[in-house]
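Notes follow once the structure below has been shown.
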Amino acid sequence: MFEINQANLNRKITKDDELVKCLLNEKDFDNKRIIDLMDDLGLNKDKTRVAIYMISSRGDVKTQDVARLKMNPDSQQIIYSLLNDRCLLVYKDIPDKLKEKEEIEEYIQKYIHNLIDWDFHDFYYFVGSIQHKLRQYVSSYQHCLWLKNNVKYEKNVPIFFEKYVTEYFLSKIDVKDVESVYNYYIDKGKEIDFEELTEISKALLNNDFNLTQAAESLFLHKNTLIYKLKKLEEIFQIDIRGSFQGKILLILISHAVKEQSNKVQVGD
């Protein structure tokens with residue numbers, strides 16, 4: 001019976017690998033083959049799932065480790081695949097009753113804590129976007145990769161894409177476009193402390209442009225922050241405090257300046 005169970009587990013793991021390979025194949029997406037594989041594995045194709053990309057920092061991940069996960073009763077609707085010796089991709093199902101972002105995050109946090117307790121410690125955990133359509137599963141995985149390449153992380157501390165959506169969309173903007181419009185004003189304001197500009201825009205963004213809260217997070221008096229914003233308004237000729245457009249433009253300019261500064265530092 002043990003040998004039969006092991007054979008079945010190995011078959012399912014192999015099928016999982018094939019399924020994930022199909023799901024990540026954007027160019028030749030074979031919906032029928034994917035559904036056939038899911039039916040064969042007893043997976044509900046209509047489930048909402050999220051990608052969790054796990055990278056081991058202490059050694060190779062063994063097929064036996066994945067088999068142990070599959071033996072858990074709560075793993076019936078989870079998809080597991082070893083992408084390479086150290087990387088495990090998991091598509092975790094999300095219960096339909098969970099609607100709020102906070103509830104879903106808490107649920108995923110609990111699942112990852114269980115993984116750590118099951119000896120999957122010393123891993124880096126990246127949590128992608130929540131997806132309901134099979135064709136979008138690849139996007140959730142790609143968002144995990146974006147986190148890995150753009151966000152600071154540490155072992156056993158999950159990083160959620162949901163918390164970095166603004167940074168993600170900003171990274172898609174062509175910095176040259178912003179520079180081409182505001183280069184004159186940037187040059188005109190050479191006396192600006194661009195590091196301070198970045199800190200101010202980040203504080204405003206994180207506090208929904210509430211000046212009092214932003215000033216507190218910057219350890220500034222509110223009037224000091226207002227003075228600095230007035231100076232930025234004069235240099236860039238935008239209304240930061242009273243205009244929604246001005247707020248967006250400040251974030252774009254700050255992002256462009258930061259990216260340009262990074263290029264200079266690496267000698268680009």
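At a glance:
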| item | result |
| --- | --- |
| Test: residue in the stretch 147-165 that is hydrophobic (A, V, I, L, M, F, W, C), at pLDDT below 95 and open to solvent by 30 Å² or more (accessible area, probe 1.4 Å) | yes |
| Some residue of the stretch 33-43 being open to solvent by 20 Å² or more (accessible area, probe 1.4 Å), over 16 Å from Ile159 (Cα atoms) and small (Gly, Ala, Ser) | yes |
| Output for the stretch 54-69, where each listed residue is polar (S, T, N, Q) and open to solvent by 60 Å² or more (accessible area, probe 1.4 Å) | Thr63, Gln64 |
| Residue under evaluation Ile192, criteria (1) surrounded by 14 or more Cβ atoms within 10 Å (Cβ to Cβ); (2) modelled with pLDDT under 90; (3) more than 17 Å from Ala256 (Cβ to Cβ), criterion not met | (3) |
| Tally, over the stretch 114-129, of residues that are surrounded by fewer than 21 Cβ atoms within 10 Å (Cβ to Cβ) and at pLDDT 95 or above | 2 |
| Every residue from the stretch 165-200 that is closer than 23 Å to Glu216 by Cβ and either of a type in the set (Phe, Trp, Tyr) or touching a His at 6+ places or on another chain (Cβ under 8 Å) (or both) | Phe194 |
| Residue satisfying condition, being touching a Ser or Thr at 6+ places or on another chain (Cβ under 8 Å) and closer than 24 Å to Lys70 by Cα, within set Asp117, Asp122 | Asp122 |
| Residue tally, condition part of a loop (DSSP other than H, G, I, E, B), in contact (Cβ under 8 Å) with a residue 24 or more places away in the chain and touching a strand residue (DSSP E or B) at 6+ places or on another chain (Cβ under 8 Å), over the stretch 130-189 | 7 |
| Among (1) open to solvent by 60 Å² or more (accessible area, probe 1.4 Å); (2) outside any loop (DSSP other than H, G, I, E, B); (3) not basic (Lys, Arg), the one test that Phe219 misses | (2) |
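The values are calculated or read from the model by the stated rules, or taken from the named source; none is laboratory data. As the structure is a prediction and not an experimental result, all values here were calculated from the model. Don't worry about glycine lacking a Cβ; one is built from the backbone with ideal geometry, like all the others, and counts go over all protein chains shown. Heavy atoms of the whole protein, side chains included, go into the accessibility calculation; ligands, DNA and RNA do not. Shrake-Rupley method; radii C 1.70, N 1.55, O 1.52, S 1.80 Å.
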